[in-house]
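A short write-up of the structure that comes next.
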Amino acid sequence: MNNQRPPITLKTLPSWLLIALVWLISKLPLRLIRLIGAFFGIILWALARQRRFVALTNLRLCFPDMPDSERKKLVLKHCIRFAQAVLDRSLMWFASEKRIRRIVRQHNEERLYSDDGRPTLVLAPHFVGLDATGTRASMMGSWISMYAKQKNPVLNYMLLHGRSRFTNPVLVSRQDGLLKVVKAMKRGTPFYYLPDQDFGAKDAVFAPFFGFPAATVTGVSRLAQLTNARVIAIVSKMVPDGYESYYTETWENFPGASVEEDTARMNQFIESWVRQMPDQYFWLHKRFKTRPEGEPSVYGKHHR
């Protein structure tokens, strides 16, 4: 991985000043960081009209029986949780290992390790605590992680730096495909995988998500077959004094009879956790953007 720090120039200076502000935030008590995050979350809810519309549409499709007033409250709460998690990232970038271990607590982490030497694929659904859980998990050793290259070189550098503070990870860009992932998994490196967003129709099937067809990548099933990997999940939960990270047991009888069946099972698993903490799932993402051929956009022509 080549992650050379961008020099300070007139072009990059604003970004570096923003990073300096993030560093200052990391020195604050968590309670104050969360308070500032709540303030920005309310601003996000008030000003980001398109994203608010996307979240409300997602909730209407997933929870059709929920009253509109409850959906609006849930979106506001989610915007607050989302903004708090973004500011909490300052800790993941700059706080000491001791402080992060105190803030992000792991449960059943021994489930990560395989007794039979098989590779491990770790499903990590898109809850707001995803980055905190990933940083804490990186303290256990090297992981494989996919990332999207950022146009801003300073932001791209910091995102990669944050993932490699405590270990030497195998970082794979989405443009590189899965070949590098497969090779690293076969060497025994666990794969921290985030497959529950809409990446288009390529390598995806339409699997039910809360009963509504969602374009879902089939990578969990295909990688389990290619590498003979065991599949577990790690779920992150934001709590007032930090985060709780839960490692699940190995999924039994996985992969199953078909890729479609496996992908539907993955979505059902994520659903079960979303119902427990609906304000923490990433509703701002256009989860149902890709539609089966001939079906109109659920977000309208202005939100494609």
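The values are calculated or read from the model by the stated rules, or taken from the named source; none is laboratory data. Since the structure is predicted, the reported quantities are computational estimates derived from the model, not experimental observations. Cβ sites come from the backbone with ideal geometry, for glycine too, and all protein chains shown count toward neighbours.
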Quiz prompt | Exclusive hit being surrounded by fewer than 22 Cβ atoms within 10 Å (Cβ to Cβ) and either over 29 Å from Leu13 (Cα atoms) or in contact with a Phe, Trp or Tyr (Cβ under 8 Å, 6 or more places away or on another chain) (or both), set Gly134, Gly129, Gly141 | solution = Gly141
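Residues checked against (1) closer than 30 Å to Val181 by Cα; (2) touching a strand residue (DSSP E or B) at 6+ places or on another chain (Cβ under 9 Å); (3) surrounded by fewer than 12 Cβ atoms within 10 Å (Cβ to Cβ):
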{"site": "Asn3", "(1), (2), (3)": "yes, yes, no"}
{"site": "Leu10", "(1), (2), (3)": "no, no, yes"}
{"site": "Ser15", "(1), (2), (3)": "no, no, no"}
{"site": "Ile19", "(1), (2), (3)": "no, no, no"}
{"site": "Ile25", "(1), (2), (3)": "no, no, no"}
{"site": "Gly37", "(1), (2), (3)": "no, no, no"}
{"site": "Ile42", "(1), (2), (3)": "no, no, no"}
{"site": "Arg52", "(1), (2), (3)": "no, no, no"}
{"site": "Thr57", "(1), (2), (3)": "no, no, no"}
Quiz item: Inside the range 190-227, can you point out the residues that are over 19 Å from the mean Cα position of the chain (by Cα), part of a loop (DSSP other than H, G, I, E, B), more than 25 Å from Phe63 (Cβ to Cβ) and not charged (D, E, K, R)?
Solution: Ala201
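The rows are residues; the columns are (1) in contact (Cβ under 8 Å) with a residue 40 or more places away in the chain; (2) surrounded by 19 or more Cβ atoms within 10 Å (Cβ to Cβ).
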| position | (1), (2) |
| --- | --- |
| Val172 | no, yes |
| Leu194 | yes, no |
| Thr216 | yes, yes |
| Ala224 | yes, yes |
| Val235 | yes, yes |
| Thr250 | yes, no |
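Does Glu295 satisfy the condition of being over 26 Å from Thr133 (Cβ atoms) and either assigned to a strand (DSSP E or B) or among the acidic types (Asp, Glu) (or both)?
yes
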Quiz item: Mind checking which pairs have a first residue in the range 105-125 that is closer than 12 Å to Trp251 by Cβ and a second that is among the hydrophobic types (A, V, I, L, M, F, W, C) and in a loop (DSSP other than H, G, I, E, B), Cβ under 9 Å, 6 or more apart or different chains?
Solution: Thr120/Ala229; Leu121/Ala229; Val122/Trp143; Leu123/Leu194; Leu123/Trp251
Quiz item: Do we find a residue being over 17 Å from Val231 (Cα atoms), of a type in the set (S, T, N, Q), outside any helix (DSSP H, G or I) and in contact with a Lys or Arg (Cβ under 9 Å, 6 or more places away or on another chain) anywhere in the range 165-186?
Solution: yes
Practice problem: List the number of the failed condition for Asp88; all other conditions in (1) part of a helix (DSSP H, G or I); (2) surrounded by 14 or more Cβ atoms within 10 Å (Cβ to Cβ); (3) at pLDDT below 95 hold. | Solution: (3)
